[in-house]
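Every number here is computed from the coordinates shown, using simple stated rules; none is lab data. Please read these numbers as outputs of a predicted model, since none were measured by experiment. Because the Cβ atoms are built from the backbone with ideal geometry, glycine has one as well, and the counts that use them run over all protein chains shown.
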Amino acid sequence: MYRCAVPGPLALRRGVVALATSLAALTAPLGVALLPQSAQAQATLGHRFFPAKALRGTLVVGVPPEVTLNGKAARLAPGARIKDANDMVALSASLSGQKLVVHYTTDMNGLLMDVWVLNSTELENKPWPTTVKEASEWSFDAANQKWSKSSWW
């Protein structure tokens, strides 16, 4: 019976390194990056996609989980997710005392569940409902992330 010699792990590693080096050398003159975008490049966001149930409000974080939403006392839900303007996870304590314009969703108990701090592009997207009543009366285009006040009835 004929058996072929299987390359060992060191030979495979050398082959992978050689392949990666040659690809990098070929793509470098073209300005093509093989690595994922840097965090700085990801920070230049445009408009994120929000669910239709997201409302706009002004949030001030006190001593977490206590917050003020639109001037009224509110509370963050256990496991609440806060995303900053660069779509990075933000700790509630790091936002303490700041007045922020946000989009938010609530859980079934009325606690804040998802919070997105808006960037300048998202702030320009008007109108956006601030109450559940407004959201129920307006129509939402999820693809374009636009609300319209016109009603069809």
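Over the Cα atoms of the range 55-148, how large are the radius of gyration and the largest Cα-Cα distance (Dmax), in Å?
Just the Cα atoms of the range 55-148 yield Rg and Dmax of 13.1, 37 Å.
Do any trypsin sites (Lys or Arg not before Pro) in the range 43-88 lie in a loop, going by DSSP, with at most 16 other beta-carbon atoms within 10 Å of their beta carbon, and if so which? Present the calculation step by step, with values, prior to reporting the outcome.
Details: sites: Arg48, Lys53, Arg56, Lys72, Arg75, Arg81, Lys83; in loops: Arg48, Lys53.
Listed in order of number, the matching sites are Arg48, Lys53.
What GluC sites (Glu not before Pro) does the range 101-153 have in DSSP loop regions with at most 14 other beta carbons within 10 Å?
Counting only loop positions with at most 14 other Cβ atoms within 10 Å, the GluC sites (Glu not before Pro) in the range 101-153 are Glu124.
Below 8 Å between Cα atoms, with a sequence gap of 6+, how large is the relative contact order for the range 55-148 in percent? Show your work: numbers first, answer last.
Numbers: 169 pairs, mean separation 26.7, N = 94.
Normalised by residue count, the contact order of the range 55-148 is 28 percent.
By how many nm would the segment from Ala142 to Ala93 lengthen if fully extended, with 0.36 nm per residue of separation less the alpha-carbon distance?
Details: separation 49, 0.36 × 49 = 17.64 nm, distance 3.16 nm.
14.5 nm is the gain from fully extending Ala142 to Ala93.
As an exercise, use a Förster radius of 41 Å and the Cβ-Cβ distance of Ser150 and Leu111 to find the FRET efficiency, rounded to the nearest 0.05.
Efficiency, rounded to the nearest 0.05: 0.80.
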